[in-house]
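Notes follow once the structure below has been shown.
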Amino acid sequence: GESVGLHLPTLSVQEGDNSIINCAYSNSASDYFIWYKQESGKGPQFIIDIRSNMDKRQGQRVTVLLNKTVKHLSLQIAATQPGDSAVYFCAENMRGSARQLTFGSGTQLTVLP
Amino acid sequence: DGGITQSPKYLFRKEGQNVTLSCEQNLNHDAMYWYRQDPGQGLRLIYYSQIVNDFQKGDIAEGYSVSREKKESFPLTVTSAQKNPTAFYLCASSKWGNPGTGGTDTQYFGPGTRLTVL
């Protein structure tokens, strides 16, 4: 079946370094993707989104890259800070689907001092 | 402040009891959703509603019920038929786009309700 997955369940980075969190998707009909950040005990927080007609989108300290050829999505966080420690989810939406988003299982990002 | 609120933050239920989780939004969003999250896992869709007085089952609707009498409110009832209800429940809302042109807009989440069955 179609699914959204992440390559790594955990990622540790040094404070100040850049972080890259990856996501693979298998549904070629997906045309909208979102990254969420979830801190412990809280609801997911929207970070950035991208539509399939784009390859790259930048926000404040974050960049999302979309490679439709290999069905791969990544989230880059520049100058990672302790407050970035959280679980990061990618989610996809299929074109023509009256449903909603399909979520991956998440990657736990830990920022080391 | 605009946003989504959920109450209560923590809820304890005895086996055999029904409980209702509240979700309210003042974002003027048409669509609302309920998800369940278990430890170390992603979000699974329970129910969603595109408009008032209409709702659809998600992937794990068994043992749950919802209503959508007002645009701002989408309460979830966890019934005694739900065999493993202990989980973190998340409500979300979004604008509703035309599925033929791209489906839904970004979903924004509430703070969640942690339900524990005693």
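Any read-out appearing in this document is the output of simple, stated calculations on the displayed coordinates, not a laboratory observation. What you see is a predicted model, and the numbers here were worked out from it, not measured in a lab. Ideal geometry is used to build each Cβ from the backbone, glycine not excepted, and the neighbour counts take in all protein chains shown.
Residue order for B:LYS14, A:LYS68, A:LYS37, fewest other beta carbons within 10 angstrom first, comes to B:LYS14, A:LYS68, A:LYS37. In plain terms, if you count all Cα to Cα distances in the protein assembly as shown and split them into 10 Å steps from zero, the share in each step is 8, 32, 35, 20, 4, 0 percent. Computed from phi, the 3J(HN,Hα) profile of region B:18-34 under the Karplus parametrisation 6.51, -1.76, 1.60 (θ = phi - 60°) reads 8, 9, 10, 9, 9, 9, 10, 9, 10, 8, 6, 7, 7, 9, 9, 9, 10 Hz, with x in place of Gly and Pro.
Given their separation in residues at 0.36 nm each and the Cα-Cα distance between them, B:VAL52 and B:SER22 gain 9.2 nm when the chain is fully extended.
Tell me, what is a quarter of the convex hull surface for the C-alpha atoms of region A:4-108, in nm² with one decimal? So the mean shadow area of the Cα hull is 6.4 nm².
Across region A:40-95, the mean sequence separation of Cα contacts (distance under 8 Å, 6 or more residues apart), normalised by length, yields a relative contact order of 21 percent. Counting charges near A:VAL111 (Lys, Arg +1; Asp, Glu -1) among other residues having Cβ under 11 Å from its Cβ returns a value of -3.
Evaluated on region B:1-51, the Kirkwood hydrodynamic radius is 13.1 Å, with distances taken between all distinct Cα atoms.
Using a 10 angstrom cutoff on alpha carbons, build the Gaussian network for chain B and name the most mobile of B:GLY40, B:GLY63, B:GLY16. Looking only at B:GLY40, B:GLY63, B:GLY16, the biggest GNM fluctuation is shown by B:GLY40. Kirkwood analysis of the Cα pair distances in chain B returns a hydrodynamic radius of 14.3 Å. With the convex hull drawn around the C-alpha atoms of region A:27-74, the volume per residue stands at 88 Å³.
Each label point was placed 7 Å from the Cα along the Cα-to-Cβ direction; for A:ALA79 and A:PHE46 their separation is 2.5 nm.
Model label sites at A:THR69 and A:SER28, defined 7 Å from Cα along the beta-carbon direction, differ in position by 1.5 nm. Restriction of the trypsin sites (Lys or Arg not before Pro) in region B:24-118 to DSSP coil positions whose beta-carbon has at most 10 other beta-carbons within 10 angstrom yields B:LYS83.
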